[in-house]
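Here the structure comes first, spelled out in structure tokens, and everything after it is commentary.
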Amino acid sequence: VQLVESGGGLVQAGGSLRLSCAASGRIFSINNRAWYRQAPGKERELVASITRGGSTTYADSVKGRFIISRDNAKNTASLQMNSLKPEDTAVYYCHAWINGEIHWGQGTQVTVSS
């Protein structure tokens with residue numbers, strides 16, 4: 001089983017980016033999916049999560065700006081990031097419970113310039 005992220009990059013403050021995470025391999029079930037991020041010198045933190053049924057939670061710092069979604073038929077999850085701020089700069093990691101085990105993506109860099 002593998003998680004592969006895409007969509008990171010460099011954007012100016014106030015801009016938008018969309019991250020995608022594709023799961024592949026021998027998959028029987030995917031339960032909660034989430035996005036985490038880790039900025040230099042800081043611990044990894046939960047950004048947003050979504051249940052298989054579509055219930056979502058967000059970190060206070062991104063509420064109203066980020067939207068997490070998933071496509072269960074395609075085994076994909078996305079994070080739409082709007083009104084980006086320099087403090088959103090971090091490596092973003094895809095996370096998923098697949099077949100009863102935790103899986104992480106390799107991470108994708110998001111850099112927001114002021």
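The values are calculated or read from the model by the stated rules, or taken from the named source; none is laboratory data. Every value quoted in this text rests on a predicted model; they were computed, and no experiment measured them. Reconstructed Cβ throughout: ideal geometry from the backbone, glycine too, with neighbour counts over all protein chains shown. Accessible surface areas use protein heavy atoms only, side chains included; no ligands, DNA or RNA. Shrake-Rupley method; radii C 1.70, N 1.55, O 1.52, S 1.80 Å.
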VAL47, sole failed condition from (1) at pLDDT 95 or above; (2) open to solvent by 60 Å² or more (accessible area, probe 1.4 Å): (2)
Boolean, SER55 is loosely packed, with under 15 Cβ neighbours inside 10 Å and free of Cβ contacts under 8 Å to residues at least 60 places away in the same chain: yes
Test: residue in the stretch 16-24 that is touching a His at 6+ places or on another chain (Cβ under 6 Å), over 21 Å from SER114 (Cβ atoms), open to solvent by less than 60 Å² (accessible area, probe 1.4 Å) and of a type in the set (Gly, Ala, Ser): no
The stretch 82-94, residues that are in a loop (DSSP other than H, G, I, E, B) and open to solvent by 40 Å² or more (accessible area, probe 1.4 Å): ASN82, SER83, LYS85
